[in-house]
Amino acid sequence: MISEHLVVSTTTDSEAAARELAAGAVEARLGACAQIVGPITSVYRWDGRINTDTEWRVEVKTAADRVEALVDHLKRKHSYDVPEVVVTPIVSGSEDYLAWVVAETREG
């Protein structure tokens, strides 16, 4: 069963880039709101090496029917070759808030 409300997360290498991704998603009405968390430390393997870098996480709340467009938008606007884009279902929450999420992902 697919949730009606989702959180789409990505990470990027600067606060400025995170702000751009967050604002772009909300301006395009692909997400109702976005939070930026950071700095965080990410440890990962890339090109055969273990890397440790500072990143900022962007978490965008959206409606299920907007998630594909949001994921495409984040991938297009992202500076990474292979950006992290993870979709997590919201299984429960404030009905008023979740209704607002849907309303904000619609054209005004």
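Any read-out appearing in this document is the output of simple, stated calculations on the displayed coordinates, not a laboratory observation. Since the structure is predicted, the reported quantities are computational estimates derived from the model, not experimental observations. Here the Cβ positions follow ideal geometry from the backbone for every residue, glycine too, while neighbour counts run over all protein chains shown.
Here are the numbers for the structure shown:
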quantity: Estimated distance in nm for a label pair at residue 52 and residue 65, the labels positioned 7 Å out from Cα along Cα-to-Cβ; calculated: 4.7 nm
quantity: Sites residue 80 and residue 37, calculated FRET efficiency, Cβ-Cβ separation with R0 22 Å, nearest 0.05; calculated: 0.80
quantity: Charged-residue dipole, Cβ positions (Lys, Arg, Asp, Glu), the chain about Cα centre, Debye nearest 20; calculated: 140 debye
quantity: Additional length obtainable on full extension of the chain from residue 16 to residue 102, 0.36 nm per residue less Cα span; calculated: 28.3 nm
quantity: Whole-Å semi-axes of the ellipsoid equivalent to the range 5-104 (Cα gyration tensor, √5λ, descending); calculated: 25, 13, 12
